[in-house]
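The values are calculated or read from the model by the stated rules, or taken from the named source; none is laboratory data. None of these values were measured; they are calculated from a predicted model. A quick note on method: Cβ atoms are made from the backbone with ideal geometry, for glycine too, and the neighbour counts reach across all protein chains shown.
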């Protein structure tokens, strides 16, 4: 289509070659302008960018409190991401691990420049020197194992993940395949502060009572769990093994603030938001609860009385954890 | 302030204890409502979140084309991030590496679900199965070495980075310290597709002419580079060594699309946006250019004629690179 075809009444009305030339110039300018492709930066206003969730996480965790600080620390933790378009993950099954870029959706907005990580026992550091969820932009990255990709008939897709540290309902912004050559420093050991390495080296022993073990077996047999056992397509024995491993991993390195740790030791820790548990607290047998999958895990924490830990109140505290009872939610 | 003080005219007008009781109930309800802290999710509209740049990258790269696909592949590449508040990075110097969460600001907005990575020679895969910059949300993550933290008198701070793959001007959303126990799969080798591992194994030999080497020495001696040599606080010899290493790293694993690779082999590759270079192209000596720091690197690419590479047109092609000339920009 030429501009002559586009503007025949104008051409007829004004006539002449000079008008045609002017129109051609205008159209050319307009074309050139629309042809200058806008970049993301052009669309950002004052450095602000609008991002949009591409899917939500389903997971065994429902509360921030008690969720491991990173997925690799609880490799038996399971979750799933459903996406609407299977074409977007074509070829992803060739990778074993993925990065998940997500929103810390349960955060309350926070603009502070310093933060008190649990392992520092009240001392503050710069927020950018921590992996705290409270950040200038509430965006997190976490590495997860990609176990399986299930494509439904309607072209929607489910990524089955393990070693996941995300709370149920977490909005996801991006998935990126993990490539060690890009994501892991070669030929050198990455340096971290002692309060981080120290916390990682300390795992609390976790002991399950016979009653707790029996309850897990029964609940699995009834198919009442979502991510373990027959409902997940594995045998009851496999489910039992994986679920017990997960409970131990989660409780062995539980990260709580100094305040939360104190509450745990006093047996006053809140568990499932939708089902706040009435626990009878006594000096002798404090009881805390933690929700994992469809289970409510009752446990008590016995502080290691002989150890003095001034700067490790939360993370990696050398307490002993006793799982006393397991309830189905 | 009690509600009585807040509503004296109403109290006077209506009077009586019953009205006071009603008002107290209303106020209590209102207080309780305002006391329920809003979460990030409450503030998100239809899964949309507004994020904001906390600083911009300064770097040796000014164009997307020719910038390495990941920083670890060019460990001698340098850059810097300036932030306004030094308190936010207090404690960060204890870490050797940081994640940078950034915006692909030079992208044109893209909503496709599939993409053709250079190494696949035209074949498409799902965008979420690649590290392509063209994503649903234009957010990238990259790992960089944290060499130094410089705090200015006005409390602003500069993070000196190496092994950086970001273009000058990249807006940064977050910095997170790298912790191997969180970010690197333990006890197992991460699996990637052969087109990724194959591309990583192939590095093009890079040869510098004597003229090019002399020019680098001269430009360094004049202090005309920004990130290498005396302007960066290192000796001319150190600067020379690091800059030559950087040029070789960048050109050895240059990632270009099939289209760009064809252009390079024909010696028609665009260089510095602000200074498009007029090159005389002949069949015998094609000349391409690439900007690194304040240098304009002239090079030619000699295809390895005996090797048939149907699926490796771009990434890791077994061409040989000849750096013929270095100009100061």
Quiz item: Can you spot a residue in the range A:124-143 that is farther than 18 Å from residue B:175 by Cα and more than 14 Å from the chain's Cα centre (by Cα)?
Solution: no
Quiz item: Where in the range B:1-117 are there helices (runs of 4 or more DSSP H), lying wholly inside it, with at least 3 residues that are at pLDDT 95 or above?
Solution: none
Exercise. Go through (1) more than 21 Å from the chain's Cα centre (by Cα); (2) at pLDDT below 95 one by one and return the number of the condition residue B:213 breaks.
Key: (2)
Quiz item: Within the range B:105-121, can you find the residues that are facing chain A (nearest Cβ under 8 Å) and over 17 Å from residue B:69 (Cα atoms)?
Solution: B:108, B:109, B:113, B:114
Quiz prompt | Enumeration of residues in the range A:52-98 that are closer than 21 Å to residue A:249 by Cβ, facing another protein chain (nearest Cβ under 7 Å) and either free of Cβ contacts under 8 Å to residues at least 24 places away in the same chain or under 10 Å from the mean Cα position of the chain (by Cα) (or both) | solution = A:70
Quiz item: Has the range B:219-232 got at least one residue that is surrounded by 16 or more Cβ atoms within 10 Å (Cβ to Cβ) and under 17 Å from residue B:68 (Cβ atoms)?
Solution: yes
Quiz item: Mind checking whether some residue in the range A:36-51 is buried (at least 17 other Cβ atoms within 10 Å of the Cβ), facing chain B (nearest Cβ under 8 Å) and under 27 Å from residue A:228 (Cα atoms)?
Solution: no
Quiz item: Does residue A:177 satisfy the criteria of being in contact with a helix residue (DSSP H, G or I) (Cβ under 8 Å, 6 or more places away or on another chain) and outside the structural domain of residue A:250 (by TED's automatic domain parsing)?
Solution: yes
Self-check item: Looking only at the range A:199-210, and only at residues there that are loosely packed, with under 15 Cβ neighbours inside 10 Å and at pLDDT below 90, the one that is farthest from the other protein chains (Cβ to nearest Cβ)
Solution: A:205
Exercise. Please specify each residue of the range B:122-164 satisfying the condition of being assigned to a strand (DSSP E or B), more than 9 Å from chain A (Cβ to nearest Cβ) and within 30 Å of residue B:112 (Cα to Cα).
Key: B:144
Exercise. All but one of (1) out of contact with any helix residue (DSSP H, G or I) (no Cβ under 7 Å at 6 or more places or on another chain); (2) touching a residue at least 24 places away in the same chain (Cβ under 8 Å); (3) over 19 Å from residue A:136 (Cβ atoms); (4) surrounded by 20 or more Cβ atoms within 10 Å (Cβ to Cβ) hold for residue B:130, so report the exception by its number.
Key: (2)
Quiz item: Would you call residue A:66 touching a helix residue (DSSP H, G or I) at 6+ places or on another chain (Cβ under 6 Å) and at positive phi?
Solution: no
Quiz item: Looking at the range B:222-242, is at least one residue within 18 Å of residue B:328 (Cβ to Cβ), modelled with pLDDT under 90 and touching a strand residue (DSSP E or B) at 6+ places or on another chain (Cβ under 6 Å)?
Solution: no
Self-check item: Count of the range B:190-214 residues which are under 30 Å from residue A:98 (Cβ atoms) and outside any helix (DSSP H, G or I)
Solution: 7
Exercise. Answer yes if at least one residue in the range B:180-198 is surrounded by fewer than 22 Cβ atoms within 10 Å (Cβ to Cβ) and under 19 Å from the mean Cα position of the chain (by Cα), and no otherwise.
Key: no
Quiz prompt | Pairs with Cβ under 8 Å, 6+ apart, first in the range A:181-193 and more than 7 Å from every other protein chain (Cβ to nearest Cβ), second modelled with pLDDT of 85 or more | solution = A:188/B:96; A:189/B:180
